[in-house]
Amino acid sequence: MLSFLFTVVLTLTLLLFTHASAVRRDGVPITLPVVKRVNTPGTAKLLESDQARAKALKEGHRRPPKTVPATNQLGTYVAAVSIGEPAQTFSLLVDIASSNTWVGAQPVSNPYHPSTTAHDTGEWVSVLYGAPGFTGEEYYDTVTLHACLDIKNQSFGVAEGTYGFDRIDGFLGIGPTALTIGTLRLSPNQSIPTVTDNAYSQGLIHNKKIGISFEPTTSDLDTNGELTFGGVNENKFTGPLHFVPITTTSPANNYVGIDQEIAYNNQTILPRTAGIVDTRTALVLLAEDAYNKYQTATGATVDDDTGLLKITRAQYENLHSLLFKIGSTNYVFTANAQIWPRALNNEIGGKPDGIYLVVANLGSSSGGGLDFILGCAFLERFYHVYDSENNQAGFAATPFTHATTN
């Protein structure tokens, strides 16, 4: 059984008020390491994991809640988060498509012990869609993302029913607050403030923006990204930062959803439609009809080992850019951006000299209200901002938009 841990150190940057008591008064951003993990156990494929997540995200708001197996989750970002006084530190998976924070993932290697400042609310909290499910008790306590960022009275769950997790202790949800509605058993209509909400209301950050900067990597030890809370890092993008409103189309509007049109070689393969941005999806997933057009245009074939599209060297030399038209701006997804890093082919079960495409099948046809997912392969080429305060998403080119590292 193949088991691989791919670790990349990232940084979580917190832009804080210089006048807040717990903040450095010189205004220098504070960094916190975040670890990216890619696990490929058994015969599980990267595509299968991303498609399972896509299905869960689409069905989560259209059908009764249900649990989603998490055994083969790939491409996860983990932050060290402390809870309580004295503090207990947990490795929490950072997820922009869920919003509850919780610990106690099973198998439990780091069981939660209530601190002297913990408060058991007597509530039960559950998340059963869009992310691996958990059910447990709700607590309030201080959640610390950094020594200078202590978030008081933060709600979090302590799981009693989870399964299939590997090397993580739970989730740090940074998505839309509305995703927490329905997660409290006794108060199903009540939302739970996220860590971003509480950091803002407690005066620890200027606004509710979260900036996301990832960079292409060909090594398992590269420092290749950061999250910025309370603003953006202007050193991480080039040119203007354009914002668009969160889509009104369901179910994409429940997440960081946007409207866009996608073209290949100046031919539209997906007319303007709704989809989402997701930090926990590795690939770029397109609705099946758009994917079929893309496959035909590129001449790619489905690889039996990885499930991904595969092209020859000659086909790569003729590969055209994809154009993502978001708002009035075209974002150019180059030929090199469309391929999996060849230095990491072994990690997905591919051949060393294979050329695999990161554009893959969503698993359903367009018209379902969530027709694409822009995962980490996209975020490695474009800076992204989620602004929950103004219900909008921003994008900008970066120094890596036209990189040829893959």
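The values are calculated or read from the model by the stated rules, or taken from the named source; none is laboratory data. Computed from a predicted structure; not experimentally measured. Cβ coordinates were reconstructed from backbone atoms using ideal geometry, including for glycine residues, and neighbour counts include every protein chain displayed. Side chains are part of the model used for accessible areas, which takes the heavy atoms of the whole protein and leaves out ligands, DNA and RNA. Shrake-Rupley method; radii C 1.70, N 1.55, O 1.52, S 1.80 Å.
Odds and ends about this structure:
- Any hit, the range 274-290, residues being modelled with pLDDT of 95 or more, in the same structural domain as His242 (by the TED database), open to solvent by 50 Å² or more (accessible area, probe 1.4 Å) and outside any loop (DSSP other than H, G, I, E, B): yes
- Check on Phe165, open to solvent by less than 10 Å² (accessible area, probe 1.4 Å) and either within 19 Å of the chain's Cα centre (by Cα) or touching a residue at least 60 places away in the same chain (Cβ under 8 Å) (or both): no
- Flag for Ser250 being in contact with a Phe, Trp or Tyr (Cβ under 6 Å, 6 or more places away or on another chain) and not acidic (Asp, Glu): no
- Selection of the range 365-406 for residues being assigned to a loop (DSSP other than H, G, I, E, B), in the same structural domain as Gly327 (by the TED database) and of a type in the set (Gly, Ala, Ser) yields Ser365, Ser366, Gly367, Gly368, Gly369, Gly375, Ser388.
- One residue alone among Ile373, Ile339 is touching a helix residue (DSSP H, G or I) at 6+ places or on another chain (Cβ under 6 Å) and among the β-branched types (Val, Ile, Thr), and that residue is Ile373.
- Per the conditions (1) within 13 Å of Phe372 (Cβ to Cβ); (2) in a strand (DSSP E or B); (3) without any contact (Cβ under 8 Å) to a residue 60 or more places away in the chain, the sole criterion not satisfied by Thr247 is (2).
- Pick from the range 103-121, criterion open to solvent by less than 60 Å² (accessible area, probe 1.4 Å), aliphatic (A, V, I, L, M) and part of a loop (DSSP other than H, G, I, E, B), ranking: nearest to Leu93 (Cα to Cα): Ala105
- For the range 300-331, the set of residues classified as among the hydrophobic types (A, V, I, L, M, F, W, C), assigned to a strand (DSSP E or B) and open to solvent by 50 Å² or more (accessible area, probe 1.4 Å) consists of Val302 only.
- Condition check for Asn253: part of a loop (DSSP other than H, G, I, E, B) and under 19 Å from Asp387 (Cβ atoms): no
- Here Val302 meets each of (1) touching a residue at least 12 places away in the same chain (Cβ under 8 Å); (2) out of contact with any Lys or Arg (no Cβ under 7 Å at 6 or more places or on another chain); (3) among the hydrophobic types (A, V, I, L, M, F, W, C) with one exception, condition (1).
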